[in-house]
Amino acid sequence: MAVVEPYVMSPEADSPETVTDAARDAALALFRDQGPAVYRFATALTRHRDDAEDVVQETFLKLLRHLQAGGSRANLRGWLFTVAAHACRDRQRRRLRWLPWTTDREPAVDPPPLADEDGRIGAARRALAGLAGRDRLLLTLRAQGLSYREMAAAAGIKEASVGRLLARALARWERACQRAVPMANVFRRPTS
C-alpha cells in the first residue's frame, strides 16, 4: 500500500484550518507509522481491498476527531486497532444485510505475492481465511503485536478469555494448515 498524504478535514467545519497543527501532525505521524499495519489488518478481516481502504480512512478520521477533541493519547496504537476492528465488523454486517454473500459476486482479496517455494505461506493464508471470524480477528490482532488487553478491547471480549480463545484459534489454524499441506508443518521453518 502506497502511503498517501491524507487530506485532513475537521468534523465540525468545512475548513481544514480549524484542525489544530498538533492534532494534524499527530494523526499524520500515526498514519505514516501505523497506516500500513491497519490496512493489512483490515484486509485480513474484511477480505476486500476496497473495504480495507475505507476502514483505514474511517479509522484515521476518527483518530483526528479524537485528537482534536482532546482525547487521551495513551496507547493510540491499541485505540487504532480497536476502532479498525469495530469498523471491519460494521462493514461485514452491512454486507450481509444488503447482499447475500456468494463467491460469484465478491472475489476474495489476493494477498501480495511472497516467495513461497514450498507452498507453506499460501496454505497458511488459505487456512486463516477459512477460520471463523473471531479466530481470524484474534490471530491477526496478535500478529500485529497487540497485548491481551488491547486484543480484548478490539474483539469485545473479556481480557481473561483472550489467552484461552487465542490458543484455541491457533490450534484450529494449525490443524487447518496441516490438512492443507499434510506433509509439511507450516508452523516450522525448514531445516537446512
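Just so it is clear, none of the values below were taken in a lab; they were calculated from the coordinates. Predicted model only: the values in this text are computed from it and were never measured. A quick note on method: Cβ atoms are made from the backbone with ideal geometry, for glycine too, and the neighbour counts reach across all protein chains shown.
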Packing-based exposure ordering (other Cβ within 10 Å, fewest first) of 148, 39: 148, 39
Within 10 Å of each residue's Cβ, count the other Cβ atoms and sort 43, 20 from fewest upward. 20, 43
Take the alpha carbon atoms of the stretch 54-88, find their center, do the same for the stretch 134-165, and report the distance between the two centers in whole angstrom. 17
Chain lengthening between residue 21 and residue 172 when straightened (0.36 nm per residue, less Cα-Cα): 49.7 nm
For residue 130, residues with placed amide H under 5 Å, excluding near neighbours: none
Spelling out what I want: for every residue of the stretch 144-154, take phi, set θ = phi - 60°, compute 6.51 cos²θ - 1.76 cosθ + 1.60 (Karplus), and round to whole Hz; glycine and proline get x. 7, x, 6, 6, 4, 4, 5, 5, 4, 5, 5
Counting other beta carbons within 10 Å of each residue's own, what order do 158, 62 fall into, fewest first? 158, 62
Measuring from label point to label point, each 7 Å out along Cα→Cβ, what is the residue 73 to residue 53 span in nm? 3.2
Nearest 0.05, what FRET efficiency do residue 179 and residue 90 give at R0 = 25 Å with Cβ-Cβ as r? 0.20
Which ³J(HN,Hα) values in Hz, rounded to whole numbers, follow from the phi angles of the stretch 123-130 under the Karplus curve 6.51 cos²θ - 1.76 cosθ + 1.60, where θ = phi - 60° and Gly and Pro get x? 5, 5, 5, 5, 5, 4, 5, x
Would you mind calculating the gained length between residue 157 and residue 28 on full extension (0.36 nm times residue separation, minus the Cα-Cα distance), in nm to one decimal? 43.4 nm
